[in-house]
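**Student:** Have a look at this one before I ask anything.
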Amino acid sequence: MQKLAALLSLVLLAGCVFPGVYKINVQQGNIVDDETLAQLQKGMPREQVHAILGTPIMLNPVDDSREYYMYTFQKGGGDIKNQRVIVYYDGDSYTSYEAQLLDKTPAY
């Protein structure tokens with residue numbers, strides 16, 4: 001009986017580390033590159049910035065003078081690569097941005 005339990009446990013544990021398990025690529029957020037950011041011009045209304053960059057991932061309900069665009073990519077369960085863009089406004093007019101972009105966007 002003990003041999004059967006040990007064999008069953010070994011088979012079940014071996015299934016957890018099966019080498020042929022496929023891990024998918026996971027990407028989330030807004031893909032923003034230098035070409036897209038070059039389209040932004042000072043004084044643009046917020047709606048026009050959203051048309052170019054997409055919907056921001058995070059909004060601050062207390063301070064609407066900035067919006068956050070994030071992008072993360074994880075290839076097959078590996079390391080997570082991320083980028084961040086912060087867009088600044090004066091009222092409803094675009095003023096500037098800060099960007100930490102990936103050297104190469106993996107999704108392309």
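Here, each number is a calculation from the coordinates, and none is a lab measurement. Treat the numbers as computed from the prediction; the structure is a model and nothing was measured. When we count neighbours, we look across all protein chains shown, and the Cβ atoms used for this are built from the backbone with ideal geometry, even at glycine.
**Student:** Using only DSSP helix segments of four residues or longer, with each worth -39500 (n - 2.57), what per-residue ellipticity at 222 nm results for the chain after dividing by its residue count and rounding to 500?
**Tutor:** The helix contribution divided over the chain gives -7500 deg cm²/dmol.
**Student:** Still on this structure: How much length is gained if the chain between ALA51 and GLN28 is pulled fully straight, taking 0.36 nm per residue apart and subtracting their Cα-Cα distance, in nm to one decimal?
**Tutor:** Difference between extended and current length: 6.4 nm.
**Student:** I would also like to ask the following. What are the lysines whose alpha-carbon lies under 19 Å from the alpha-carbon of LYS81, with same-chain residues fewer than 8 places away excluded?
**Tutor:** Those lysines meeting the cut-off are LYS23, LYS104.
**Student:** Normalised radius of gyration for the chain, please: alpha carbon Rg relative to 2.2 N^0.38 Å, two decimal places.
**Tutor:** So the chain has a normalised radius of gyration of 1.72.
**Student:** Sort VAL21, VAL26, VAL87 by Cβ crowding within 10 Å, fewest neighbours at the top. Each step should come with its number before you reach the end.
**Tutor:** Details: VAL21 9, VAL26 12, VAL87 23.
Starting with the residue having the fewest Cβ neighbours, the order is VAL21, VAL26, VAL87.
**Student:** Which whole-Hz couplings ³J(HN,Hα) result when phi for each residue of segment 58-69 is put into the Karplus expression 6.51 cos²θ - 1.76 cosθ + 1.60, θ = phi - 60°, listed in order with x for Gly and Pro?
**Tutor:** In residue order, the calculated couplings are 9, 10, 9, x, 8, 10, 8, 7, 8, 10, 10, 10 Hz.
**Student:** For a label point 7 angstrom out from the Cα of THR36 toward its Cβ, which stretches of segment 56-77 have the backbone nitrogen within less than 11 Å?
**Tutor:** Answer for this model: 56-57, 69-72.
**Student:** For LYS81, LYS23, what's the fewest-to-most ordering of other Cβ within 10 Å of each Cβ?
**Tutor:** LYS23, LYS81
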